[in-house]
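**Q** Handing you a structure now.
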């Protein structure tokens, strides 16, 4: 008998729960419980809240991805600007090719490699050349819709790199992603002001003015 005691206890509890769930109200005489309309309303509210929560989570993940991409573009732009400015300033001569899509920098010292910058779809590629053979390649990747081109400005001779990204394709509007300018062979060109004009040399205090 003791072995069947847990079974009797479990059966009695199930009966009590069933009687409690289906018990009748003394005043109205109706069976207590959830109606079909109440269950449908609860399911509708739960589904609505679930859809709203899913949309908010998706939007938050999309904003996070967009923020990471923007941070990566900014980091790439900073690295490219620093490397481009360093290469141009150390080069002896610069020349353009393929309608401004290629910039070739001749080395300023014997034994150094020539540097070539090539503008491609969504990226700028930096190549190191020795005896017309490539010894190193470093791509700087932007978004696939970004466009880059190079320019050479006179007096003093300066190399310019511009990277843009279209904002409105129909209206032709573009957003400037990067604009870097550097003086070719800066060590020989001497000090220059921000606008590219030479800084006048200071007069020696010991010299006498006529």
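Nothing in this text is a laboratory measurement; each read-out follows from the coordinates by a stated rule. Keep in mind that what you see is a predicted model, and the values were worked out from it rather than measured. Backbone-built Cβ (ideal geometry, glycine too); neighbour counts: all protein chains shown.
**Q** By the gyration tensor of its Cα atoms, with a ≥ b ≥ c the square roots of the eigenvalues, what is the shape of the range 98-161: rounded for a/c under 1.5, prolate for a/b over b/c, or oblate? Don't skip to the answer; put the middle values down first.
**A** Values: a/c = 2.60, a/b = 1.21, b/c = 2.15.
It is oblate, given that a/c is not under 1.5 and a/b is not larger than b/c.
**Q** Would you please state which residues of the range 50-86 a label at residue 153 would reach in this model, taking the label point 7 Å out along Cα→Cβ and a backbone N cut-off of under 17 Å?
**A** 81-82, 84-86
**Q** Contact order normalised by length for the range 61-189, with contacts defined as Cα pairs under 8 Å and 6 or more residues apart; what percent is it?
**A** Details: 254 pairs, mean separation 28.3, N = 129.
The value is 22 percent.
**Q** Same structure again: How do 65-74, 147-156 rank on mean C-beta neighbours within 10 Å, highest first?
**A** Highest mean packing first, the order is 147-156, 65-74.
**Q** Shifting gears a bit: Just rank 115, 110, fewest to most, by other beta-carbon atoms within 10 angstrom. Please list the in-between numbers first.
**A** Details: 115 23, 110 5.
Lowest to highest Cβ neighbour count: 110, 115.
**Q** Of all the Cα-Cα pairs you can form in the range 61-189, what percent are over 23 Å apart? Kindly include the intermediate steps, with their values, before the conclusion.
**A** Values: 2861 of 8256 pairs.
It works out to 35 percent of all Cα pairs.
**Q** A further question on this structure: Zone of residue 96 (label point 7 Å along Cα→Cβ, backbone N under 16 Å): which residues in the range 122-141?
**A** Once the point is set 7 Å along Cα→Cβ of residue 96, nothing inside the range 122-141 turns out to lie under 16 Å by backbone N.
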